[in-house]
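Colleague: Pasting a structure here, questions to come.
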Amino acid sequence: MKRGHVRPPRGFSLLEILVAFAIMALALGMLYRVMGSNARHTAGLAERERAVLLAESLLAAHELVPAEGIRDDGESAGYVWQVRSVPRDTPASADPRAAKLHEVQVQVQWQDGERTRQFALTTLRPERLPQPGGVIR
């Protein structure tokens, strides 16, 4: 080796390694936060999907509405629900041969942590006609 010739250092300095670790820690922290947020969001979507399915099944159970209307409440798997109906006037209501319509609303509520979530479906359903000589139940 020649005298006066300085050999360049090999490898990384301690400062460079510390900076690399700090950058890596920040990146991992952000990645952890994003993954946690995605998991919570996915769980929330699954709960909402179950609420929608419950509301649709309750609505399907009331294809025809009795003349006195519907007032039904219940709870299922942590979801509180209610079904209500009110008579709805339409231009066809003046015709005695036309089916009377009822607006049917299904509401489903559930707890998402400390927040109360709600989903509602509304549709029109015909009134059930009495059978000749029969009694509507």
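Rundown of residues vs (1) in a strand (DSSP E or B); (2) closer than 15 Å to A120 by Cβ, yes/no style:
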{"site": "V34", "(1), (2)": "no, no"}
{"site": "T42", "(1), (2)": "no, no"}
{"site": "L45", "(1), (2)": "no, no"}
{"site": "A55", "(1), (2)": "no, yes"}
{"site": "E75", "(1), (2)": "yes, no"}
{"site": "V86", "(1), (2)": "yes, yes"}
{"site": "S93", "(1), (2)": "no, no"}
{"site": "H102", "(1), (2)": "yes, no"}
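Colleague: Is it the case that A99 is among the small types (G, A, S) and surrounded by 13 or more Cβ atoms within 10 Å (Cβ to Cβ)?
Modeller: The answer is yes for A99.
Colleague: Okay, moving on. Of these, G78, G74, which one is more than 30 Å from A99 (Cα to Cα) and either of a type outside the set (F, W, Y) or at pLDDT 85 or above (or both)?
Modeller: That would be G78, the only listed residue that is more than 30 Å from A99 (Cα to Cα) and either of a type outside the set (F, W, Y) or at pLDDT 85 or above (or both).
Colleague: Among the residues of segment 51-76, what is the count of those that are in contact (Cβ under 8 Å) with a residue 24 or more places away in the chain and farther than 11 Å from V108 by Cβ?
Modeller: Qualifying residue count, segment 51-76: 8.
Colleague: Got a number for residues in segment 90-112 being under 21 Å from G74 (Cα atoms) and out of contact with any strand residue (DSSP E or B) (no Cβ under 9 Å at 6 or more places or on another chain)?
Modeller: 1
Colleague: Could I ask something else about it? Report, ordered by the first and then the second residue, all pairs with beta carbons closer than 8 Å, sequence separation of six or more or different chains, a first member in segment 35-50 that is under 14 Å from Q111 (Cα atoms), and a second member that is of a type in the set (D, E).
Modeller: G44/D112; E47/D112
Colleague: Would you say L64 is closer than 30 Å to K100 by Cα and hydrophobic (A, V, I, L, M, F, W, C)?
Modeller: Answer is yes for this residue.
The values are calculated or read from the model by the stated rules, or taken from the named source; none is laboratory data. Nothing here was measured: the structure is a model prediction, and the numbers come from that model. Ideal geometry is used to build each Cβ from the backbone, glycine not excepted, and the neighbour counts take in all protein chains shown.
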